[in-house]
Amino acid sequence: WAKAAGRGRWAVYDPERGARDIARSALVAGLPAALERGEFVLHYQPIVSLLEGTMLAVEALVRWEHPELGLIGPDRFIGLAEETGLIVRLGEWVLRRACADAERWWREFPDARLVVSVNLAARQADEPAIVDTVADALQTSGLPAELLQLELTESAVMGSAGEPLRSLHRLAALGVRLAVDDFGTGYSNLAYLRRLPIHCLKLAGPFVEGIRADGTDAAADHRDERIVDALVRLAHALELWVTAEAVETGVQAERLRALRCDTGQGRYFGAPAPGDVITARLRGGALA
Ligand code: C2E
Ligand code: MG
Ligand code: MG
Ligand code: MG
């Protein structure tokens, strides 16, 4: 028996849980050195116009090239990095790397005007220095501000009052685009949303998943489709762009287009991949 955190609650010791916790703490311990050794890499996933089929943006998604464990996805270490505070340094590395890559795409393919979209953890957005960091990343890389988008979750933006909210306004004033990530899964205060200097809502994967991949009538009532319809109308009423996440099939892409969703992201349009894949796609033309 082990005493669990919290008042007077007891939990049975679970050896599997124990092993997971050890693996977890080993990962945490390895994070700072991994950053020093340059073991993090960025993959990029296309964000595509549903009307034109052109790639308008790419989302930067961090991976850890672990010397023994291979490629580790962010779901396994971003939470840890947030808890330990390392996310601030890791996030800054992601931001600078993404701006540098995007600046090269901009120079080589200026007509594409490819936007790079970077995730910002709540902890980063709360840092008073975030605006200076972003401004410096833009200046150092030479990337025009309008080719950078920052993605924040609902909880990161909705709770923001005082300093963080000022930061959002100052970031918007720099000319960068702001997007609300995983929209519809957190708490959204609509009165608050309309006062935020944001440009885009990213509809969370689960709503898109509810649009049956094969187009058959799943729930008969098309509930998720009707939610997407309502959220797209809400976004457009607020003059925001809408990106649908986790688009996996052509049928879903077609339905989303019919629902006036602006852009889509997901395996159907391309999985996250190394920057070279994006370069090849830009070289191959809009529809490659
Ligand atoms: P997110 O920002 O919502 O990113 C989208 C996630 O959906 C990515 O998972 C992507 O690989 C996945 N995805 C892509 N296509 C599909 C699809 O067709 N279907 C489904 N079901 N999923 C798809 P990934 O790369 O594992 O990233 C997970 C999360 O980790 C991200 O969710 C983001 O919250 C976080 N993350 C990733 N990179 C960073 C970063 O640099 N900084 C911070 N703070 N968070 C990051
Ligand atoms: Mg993943
Ligand atoms: Mg994101
Ligand atoms: Mg998302």
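What follows is calculated from the coordinates using simple rules that are stated; it is not laboratory data. Not measured: the values here are computed from a predicted model. Glycine also receives a Cβ, built like all others from the backbone with ideal geometry; neighbour counts cover every protein chain displayed.
What 222 nm value per residue comes from the helices of the chain, counting each DSSP H run with n ≥ 4 as -39,500 (n - 2.57) and dividing by all residues, nearest 500 deg cm²/dmol?
Helix contribution divided over all residues of the chain: -13500 deg cm²/dmol.
Roughly what would the spin-label model give for Glu209 and Arg267, points 7 Å off Cα along C-beta, in nm?
Between Glu209 and Arg267, the simple spin-label model gives 1.2 nm.
Would you mind telling me the antiparallel percentage of the DSSP bridges in the chain, rounded to 5?
Of the beta bridges lying entirely in the chain, close to 45 percent run antiparallel.
How big is region 78-133 on each of its three principal axes, counting only the C-alpha atoms and giving the largest first in Å?
Extents along the principal axes: 40, 21, 13 Å.
For every other residue with a beta carbon closer than 11 angstrom to the beta carbon of Pro67, add +1 if it is Lys or Arg and -1 if Asp or Glu, then tell me the sum. Write out the running numbers ahead of the final one.
Details: positive: Arg37; negative: Glu39, Glu65, Glu68.
Summing Lys/Arg as +1 and Asp/Glu as -1 gives -2.
Does anything in region 123-147 have its amide N under 14 Å from the 7 Å Cα→Cβ label point of Arg166, and if so which residues?
Within reach of a label on Arg166: 126-132.
Rounded, prolate or oblate: which fits region 1-154, taking a ≥ b ≥ c as square roots of the Cα gyration tensor eigenvalues, rounded meaning a/c under 1.5, else prolate when a/b beats b/c? Kindly include the intermediate steps, with their values, before the conclusion.
Values: a/c = 2.25, a/b = 2.15, b/c = 1.05.
Cα axes put region 1-154 in the prolate bin.
Choose one answer from Leu203, Leu193, Leu152: the residue with the largest mean-square fluctuation in a GNM of the chain with alpha-carbon springs under 10 Å.
Leu193
Would you calculate the convex hull of the Cα atoms in the chain and tell me its volume per residue in Å³?
In the chain, the Cα hull volume divided by residue count equals 172 Å³.
In terms of the Cα gyration tensor, with a ≥ b ≥ c the square roots of its eigenvalues, is region 169-288 rounded because a/c is under 1.5, prolate because a/b exceeds b/c, or oblate? Don't skip to the end; give the middle numbers.
Working: a/c = 2.18, a/b = 1.04, b/c = 2.10.
It is oblate, given that a/c is not under 1.5 and a/b is not larger than b/c.
Could you list the chymotrypsin sites (Phe, Trp or Tyr not before Pro) in region 176-270 that lie in coil according to DSSP, counting only those with at most 10 other Cβ atoms within 10 Å of their Cβ?
For chymotrypsin sites (Phe, Trp or Tyr not before Pro) across region 176-270 that sit outside H, G, I, E and B with at most 10 neighbouring Cβ atoms in 10 Å, the list reads Tyr187.
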